[in-house]
Amino acid sequence: MRRIADVYRQSISDPDSFWGEAAEAVHWYKRWDSVLDSTDKPYYRWFSGAEVNTCYNAIDFHVDNGRGDQPALIYDSPVTNTIKTFTYRELLDRVARFAGVLAQHGVTKGDRVIIYMPMVPQAAVAMLACARLGAIHSVVFGGFAANELAVRIDDSQPKAIVCASCGIEPGRIVEYKPLLDHAIELADHKPSSCIVLQRRQATASMVGGRDFDWKESMDAAIPHDCVPVLATDPLYILYTSGTTGQPKGVVRDNGGHIVALKWSMKNIYNADPGDVYWAASDVGWVVGHSYIVYAPLFSGNTTVLYEGKPVGTPDPGAFWRVISQHNVRVLFTAPTAFRAIKKEDPEGALLDNYDLSGLKALFLAGERTDPDTLRWAQDKLRVPVIDHWWQTETGWSICANCLGIESLPVKVGSPTKPVPGWDLHVLDDESNPVAAGDIGSLVAKLPLPPGTFPTLWNARQRFADTYMSAFDGYYETSDAGYIDDDGYVFVMSRTDDIINVAGHRLSTGAMEEVLASHPDVAECAVTGVADDLKGQLPLGFLVLNAGCDRNPTDLIDEIVKMVRQQIGPVAAFKQALVVDRLPKTRSGKILRGTMQKIADGQEWKMPATIDDPAILDEIGAALATAGYPHAG
Ligand code: COA
Ligand code: AMP
């Protein structure tokens, strides 16, 4: 039996041979000149000089090696009452044809393509078709508003955009096409073509000469072959929240990404080729990129693409139905999904209706798995429940219990230990290591393993400044936490203004920019407050202009609408309080962290640099009056 400690040690002491060996499982057109290229620190490169194609490794490879008739993707959509299975051969046919469609629209290697689609198989087809051509996709989550889409259009300058006429949220149809049209209007950059999937729930109106129908285009398409690209060429850009309204375009390369993700399927998730693997997330998030689309396909699994929710589609037994119906071996989702199920079916009564004997493990990520959710899931499912920690930037997990190597005992509240490849440390503000059990900044010694982000799109310097400058020679995760005496890692909180709402990462800074743009708002702050279901919810504090006598309820309604229109429903911004003043340090920094602790009823210390301590009492009183149970 392999021991995780030995595998880990080898990955850190000799990354070249560790990842070089893992790379033998990948198909290359040309092998690498060097496994790790450190010539341009901190912009490390993996598999420099090699040529590869991501789509070939995800699909063609399996068709060429006897898996053509195995299901590659199961589309399960309770919101449209559809279940459809695509074998590897069928997926290849669709992807090659859609690559032909894109090529006909002039998309070639290095061009960007934005994909703005709900959880339909065509989203995965579009991603893989881009990869086939060596084009760079950028998937934008459907819950973002036109303005956010416009920012991404301007930053990535796509030649084409692929979208669907609508998404289906419980109780409403979200029409994507008007959002796209509006975004294109707002953006300076204009794509030359849009390919639109018409769904029967809503018909999109088309702009002549620019918009093309998905189905008609596919019927007329000439299949396109895989285009070899450099291992170091970008595969995709995925925008994620930064500390301002300008999102960060996380870049993923081709070669290192295939190597790391393929390695992770067996070693972390213990999924063997042929197993059914289900990541209940969305293609718009990094989990969806890595574990709905790429990793399961690289390793010859069957992936489930689920267009539904954990509850309400139709009931809290939805996940159990999918697991039993498709014989899912490994489920990966966010703790919030389990909290939603537990809330509606606390006893797990609906589990009795399904045979879950095929399920071998549940993996959770997106936020820390709280002890209640962990125990409930362990108790109800009777399989290992593994919390693992990762970020959009890292593309795969930093810490996990690597079930395919050696299953370690689970410690409540910990995502276990650093995964091979991750040289993780806890440092204080002066970059000194802290003692075991002491909280500090969680940082990873460079180089980061393959599959992570080599840079930010259009923002090379921002990459170095944001992530690599605070601790020389280390990647700053912006998470704080500690490592205990046994080497278990505990991720406690963010060190920046990012909050985590239903496993979605949101920037309070971006919300503040919207609040501040309201003509009656003089000053504002947004913090995350604890929520039983979503983990956190944003809460706004508004100081109004002198002389403003608007009814606060009307004004807050307006502001809530503004955030929904400018950032999107996914921001889940629904609550704000009007206050007289905001607590600040003497240098004028708003004490958001202290406000959040007061709202959550956590212990807090009076900041030494506070300008006027009385304001914190006012904030406590306002929260208590507004019904925040812990505040006061
Ligand atoms: N397109 C358009 N709108 C969307 C959307 C999409 N793809 N996804 C979410 N939204 C909307 C929702 O309808 C909701 O709108 P509302 O304010 O009108 O109700 C809003 O964005 C907030 O969405 P969300 O925070 O997801 O809340 P929810 O109440 O719809 O669902 C959960 C809550 C817990 C069921 C859901 O978040 C969930 O399943 N999460 C777990 C899986 C996951 O997504 N993990 C992410 C990373 S692993
Ligand atoms: P995202 O980039 O959207 O994947 O969000 C990444 C952030 O989510 C991390 O920096 C953490 O703050 C948080 N996160 C994700 N997974 C975990 C986890 N297992 N435990 C604690 N925090 C997590």
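The values are calculated or read from the model by the stated rules, or taken from the named source; none is laboratory data. What you see is a predicted model; the values in this text were computed from it and never measured. Note that we place each Cβ from the backbone using ideal geometry, even for glycine, and neighbour counts take in every protein chain shown. Each accessible area value is taken on the protein alone, full model and side chains, heavy atoms only, with ligands, DNA and RNA left out. Shrake-Rupley method; radii C 1.70, N 1.55, O 1.52, S 1.80 Å.
What whole number of Å gives the distance from the Cα centroid of region 36-61 to the Cα centroid of region 551-625?
45 Å
State the antiparallel share, in %, of DSSP beta bridges confined to region 498-625, rounding to the nearest 5.
Looking only at bridges with both residues in region 498-625, the antiparallel portion is about 80 percent.
For the residue pair THR203 and ARG581, what label-to-label distance in nm results when each label sits 7 Å from Cα along the Cα-to-beta-carbon direction?
Between THR203 and ARG581, the label points sit 6.2 nm apart.
Can you give me the relative contact order of the chain as a percent, contacts being Cα pairs under 8 Å and 6 or more apart?
Dividing the mean separation by the residue count of the chain yields 12 percent.
7 Å from Cα along Cα→Cβ at both GLN565 and ILE12: what's the point-to-point distance in nm?
5.3 nm
Quick one: length gained pulling ILE222 to LYS343 fully straight, 0.36 nm per residue minus the C-alpha distance?
38.6 nm
Would you mind classifying region 209-256 by shape? Square roots of the alpha carbon gyration tensor eigenvalues, ordered a ≥ b ≥ c; an a/c under 1.5 is rounded, otherwise it is prolate if a/b is larger than b/c and oblate if not.
Judged from the Cα gyration tensor, region 209-256 comes out oblate (a/c at least 1.5, b/c at or above a/b).
Per residue, how much accessible surface does region 498-625 expose to a 1.4 Å probe? Answer in Å², no decimals.
46 Å²
Let me know the charge dipole size of the chain about its Cα centre in debye, to the nearest 20, where only the beta-carbon of Lys, Arg (+1) and Asp, Glu (-1) is charged.
1180 debye
Given H placed 1.01 Å from N in the peptide plane, which residues other than close sequence neighbours of ASP211 have an amide H under 5 Å from its amide H?
Here CYS194 satisfy the definition.
In terms of Cα to Cα distance under 26 Å, which lysines are near enough to LYS380, apart from those fewer than 8 places away along the same chain?
Output for LYS380: LYS266, LYS309, LYS342, LYS343, LYS360, LYS411, LYS417, LYS534.
Mind listing the long-range amide H neighbours of SER138? Cut-off is under 5 Å, sequence gap 5 or more, other chains count too, H placed in the peptide plane at 1.01 Å from N.
Those qualifying (amide H under 5 Å, at least 5 residues apart or on another chain) are VAL113, ILE114, ILE115, ILE237.
How much of the DSSP beta bridge set in region 150-286 is antiparallel, as a percent to the nearest 5?
60 percent
Is region 498-625 rounded, prolate or oblate when judged by the Cα gyration tensor, a ≥ b ≥ c being the square roots of its eigenvalues, rounded requiring a/c under 1.5 and prolate requiring a/b larger than b/c?
Oblate.
Short version: ³J(HN,Hα) in whole Hz for each residue of region 383-396, in order, from phi by Karplus 6.51 cos²θ - 1.76 cosθ + 1.60 (θ = phi - 60°), x for Gly and Pro, what are they?
Calculated HN-Hα couplings, in order: 9, x, 10, 10, 7, 9, 10, 7, 9, 3, 4, 8, x, 7 Hz.
Pop a pseudo-label 7 angstrom from the Cα along the beta-carbon direction at both ASP372 and LYS109 and give the gap in nm to one decimal.
Each label point lies 7 Å from its Cα, and together they span 5.4 nm.
Can you give the local net charge around TRP320? Use residues other than it whose beta-carbon is closer than 12 angstrom to its beta-carbon, Lys and Arg +1, Asp and Glu -1.
That sum, taken over residues with Cβ under 12 Å, equals -2.
What does the convex hull of the alpha-carbon atoms of the chain project to on average, in nm²?
27.6 nm²
When the accessible area of region 498-625 is computed with all protein chains present and a 1.4 Å probe, what percentage of it is carbon and sulfur?
49 percent
Per residue, what accessible area does region 264-331 have, given a 1.4 Å probe and all protein chains present, in Å²?
20 Å²
With both bridge residues required to lie in the chain, what share of the DSSP beta bridges run antiparallel, to the nearest 5%?
So the antiparallel bridges amount to about 60 percent of the total.
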